[in-house]
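Enquirer: Below: one structure in structure tokens.
The values are calculated or read from the model by the stated rules, or taken from the named source; none is laboratory data. All figures in this text were calculated on a predicted structure; none of them were measured in a lab. Please note: Cβ atoms are built from the backbone with ideal geometry, for glycine as well, and neighbour counts cover all protein chains shown. Ligands, DNA and RNA are excluded from the accessible area calculation, which covers all protein heavy atoms including side chains. Shrake-Rupley method; radii C 1.70, N 1.55, O 1.52, S 1.80 Å.
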Amino acid sequence: MKILIAEDNAVASKVLQLALQRTGHEVVVTRTGTEAWETFDRDPVRVTISDWMMPGMDGLEFCRQVRARPKTPYTYFILLTALDISAKNYDLATAAGVDDFLVKPVDSDRIQMRLRVAERILWFTREVHQLKQLIPICSYCHKVRDEENYWERVETYIQKETGSQFSHGACPECYEKQIAQLRTAHARQ
């Protein structure tokens, strides 16, 4: 996996980088929350390991920025801290969107265990994303089912989901069928 590290302590950053590279991960290292955000915004990664306390933007704000970035695949966010892991700190971190918490100094085995969890979570998010791409459509009337289990015309569904507008016309084949039906109806009169 490609992993973004945001850690202002050079020694801690290097130790983490080497541990991740030893297990085959590609690592991008940043030193501040602001640098981490700019790096992520240019090229989003699926796993981020960030220190909580950093100059400028802290780890929680960095996580909030990641979560708020539109059209970004889910990113598993691990927060590193030397702080006390109290209930208040857990609440702050989870409210910001943090997925996991590790206390420094980081043990290599613990980080590998967390990354295995990250791989599973990211696999499941890809599966859910693929399932959400499927549009349930009736084989007979071609109406589409929305999230509230309401069946509506394809045009209505697409307009609600994308904001697209439709102009209606007739393809050549349907045009010929309609003209033939009109002629037949007219001939019966």
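Enquirer: Wholly within segment 103-189, which helices (runs of 4 or more DSSP H) include no fewer than the required count, namely at least 1 residues that are loosely packed, with under 10 Cβ neighbours inside 10 Å and of a type in the set (Asp, Glu)? Working first, answer last.
Expert: On the way: elements: 108-133, 154-162, 172-188.
Of the helices (runs of 4 or more DSSP H) lying wholly inside segment 103-189, those with at least 1 residues that are loosely packed, with under 10 Cβ neighbours inside 10 Å and of a type in the set (Asp, Glu) span 108-133, 172-188.
Enquirer: Looking only at segment 43-68, count every residue that is exposed (fewer than 13 other Cβ atoms within 10 Å of the Cβ) and out of contact with any Ser or Thr (no Cβ under 8 Å at 6 or more places or on another chain) and tell me the total. I'd like the intermediate steps shown before the answer.
Expert: Within segment 43-68, the first condition is being exposed (fewer than 13 other Cβ atoms within 10 Å of the Cβ), and the residues that meet it are 43, 55, 68.
Applying the additional criterion that residues be out of contact with any Ser or Thr (no Cβ under 8 Å at 6 or more places or on another chain) yields 43, 68.
The number of residues fulfilling the criteria is 2.
Enquirer: Could you look through segment 1-30, keep only residues that are within 18 Å of Gly56 (Cα to Cα) and out of contact with any helix residue (DSSP H, G or I) (no Cβ under 7 Å at 6 or more places or on another chain), and pick out the one that is surrounded by the most Cβ atoms within 10 Å (Cβ to Cβ)?
Expert: Within segment 1-30, the subset within 18 Å of Gly56 (Cα to Cα) is 4-10, 13, 29-30.
Right, trim to out of contact with any helix residue (DSSP H, G or I) (no Cβ under 7 Å at 6 or more places or on another chain) and you get 8-10, 13.
Working: Asp8: 17, Asn9: 16, Ala10: 10, Ser13: 19.
Result: Ser13.
Enquirer: Separate question: State all residues of segment 74-90 that are open to solvent by 60 Å² or more (accessible area, probe 1.4 Å) and at pLDDT below 90; if no residue qualifies, say none. Walk me through how you get there before you give the answer.
Expert: Filtering segment 74-90 down to residues open to solvent by 60 Å² or more (accessible area, probe 1.4 Å) leaves 74, 82-84, 87-88, 90.
Of everything in segment 74-90, those that are open to solvent by 60 Å² or more (accessible area, probe 1.4 Å) and at pLDDT below 90 turn out to be Ala82, Leu83, Asp84, Ala87, Lys88, Tyr90.
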